[in-house]
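Beneath this line is the structure, given in structure tokens, with notes to follow.
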Amino acid sequence: MDKSYFRHLSYLINIKNNVAQESWPDFGNKDFYQPVVYGTKENTFVLNPNDHIRKITDHEEIPAFDKVSVIKLSEEFTDTTNFSFSVSFSSDSTALHYNSNVLYCQSFELTKKFLQNDLVDLEDWSIMVMHELFHGYQRSFPEAHEYRKTFDIPGGPDQFLGSYHNDLEWYSESVRKENDLLKAIWIDGADLTQNLTAYDSLRNLRIDKIKKEYGVDIRDAEDFEITIEGNARYFESLVKRYLAKNEPNGEALHKSDQALITNMFDEYEVSKDKALFNIYNNRYWYPIGYNISMILEKYEVDYKDSLYREEHNIHSFLEELKSSKP
């Protein structure tokens, strides 16, 4: 196996670790925090495979990727018809992700097949992969894994939370106002205490109304998704800001790969990235969590060493911040 086959992965891992070193050091301690099922147009590989994956698959051992073991799965695992970017966990012993978080992602070429013009270049793809790598990091903590077992999200967040946003106009309007209050704090310099108090009030009314009218308490699930997805999106923001100021090490790339880098973040301004801080679909917890992360950054709140260990709800750091202000 030509080592350059994984050159795009080498490129993004180098970026990931440089950004982590500057802004989230713990995330840079390992290249991968879980097995990674990496699909290409020709083959499917598993980087950092665990014993279960080795046991249930026909595979071939190939040379390591930056000291990380790699296996090539048999042809039955190669899928070029379905888009696959996620971190999955299952109690099904026949699944690759049985009793273990496994990251599924696809090569730049295969991703481009599905996303076409929605995927700009190699840097754009790298950020997609890093979002999922950050999820693997989040779920690598035993404390976080045990916490997730304490509540249910029937059908997943899109069904459990997203359906309310899709079906109830008052719900989506409240969420929009809540998000506007948060983003105004770090973008426009709005009053922290006043906006956080208004945010808490609106959010509590919305959650209480769902509980009263539908008999469902969504708070824990929403807190979880806001924390997990918001922080993963926040790392995307850190990467974009890094790429705006730095030229990543591209020595692993081929000359032909240079055409895949458009320097799309050269004039990037985080305060103008509406795709990160605005709500544009039913997954409202992404921008809300992101805006909370940006508030914590603005006020230099030290939370990264305790999150996913002692604390699992990013709102708790907002409460500490609010209470510390006169």
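Any read-out appearing in this document is the output of simple, stated calculations on the displayed coordinates, not a laboratory observation. Model, not experiment: these values are computed from the prediction. Cβ sites come from the backbone with ideal geometry, for glycine too, and all protein chains shown count toward neighbours.
Label separation (Asp188 vs Ser88): 4.3 nm, computed from points 7 Å beyond Cα along the C-beta direction. Cβ-Cβ distance of Arg148 and Lys255, R₀ of 41 Å, FRET efficiency by 1/(1 + (r/R0)^6): the value works out to about 0.35. Taken about its Cα centre, the chain carries a charge dipole of about 120 debye when Lys and Arg each add +1 at the Cβ and Asp and Glu each add -1 at the Cβ. The alpha-carbon of Lys245 sits under 20 angstrom from the alpha-carbons of these aspartates and glutamates, leaving out residues fewer than 8 places away in its chain: Glu22, Asp121, Glu123, Asp124, Glu236, Asp266, Glu267, Glu269, Asp273, Glu297. With the charge dipole of the chain set up from +1 on Lys and Arg Cβ and -1 on Asp and Glu Cβ about the Cα centre, the Cα lying farthest toward the positive end among the listed residues Leu119, Ile228, Pro287 is that of Pro287.
The convex hull of the Cα atoms of the range 72-130, projected and averaged over all directions, covers 4.7 nm². Counting lysine pairs in the range 1-152 whose alpha carbons fall under 19 angstrom apart, excluding pairs fewer than 8 residues apart on the same chain, gives 10. Label separation (Glu60 vs Leu119): 2.4 nm, computed from points 7 Å beyond Cα along the C-beta direction. Remark: the range 1-140 carries a charge dipole of roughly 220 debye about the Cα centre, counting +1 on each Lys and Arg Cβ and -1 on each Asp and Glu Cβ. Residues of the range 217-242 falling in the label zone of Glu320, defined by backbone nitrogen less than 18 Å from a point 7 Å along Cα to beta-carbon, are 224, 227-228, 231. Pairs of Cα atoms nearer than 8 Å and 6+ residues apart set the relative contact order; for the chain it is 19 percent. The simple spin-label model puts a point 7 Å past each Cα toward its Cβ; for Leu205 and Asn278 those points are separated by 2.5 nm.
Take Phe32, Phe235, Phe85 and order them by how many other Cβ atoms sit within 10 Å, fewest up front. Final ranking by Cβ density, sparse to dense: Phe85, Phe32, Phe235. Ordering Val239, His131, Ile62 by the projection of their Cα atoms onto the charge dipole of the chain, which places +1 on the Cβ of Lys and Arg and -1 on the Cβ of Asp and Glu, puts Val239 at the extreme positive end.
Of the listed values (i) 103, 44, 31; (ii) 60, 45, 36; (iii) 78, 46, 40, grab the one calculated as Cα extents along the principal axes in Å from the structure here. Given (i) 103, 44, 31; (ii) 60, 45, 36; (iii) 78, 46, 40, the calculated one carries the label (ii).
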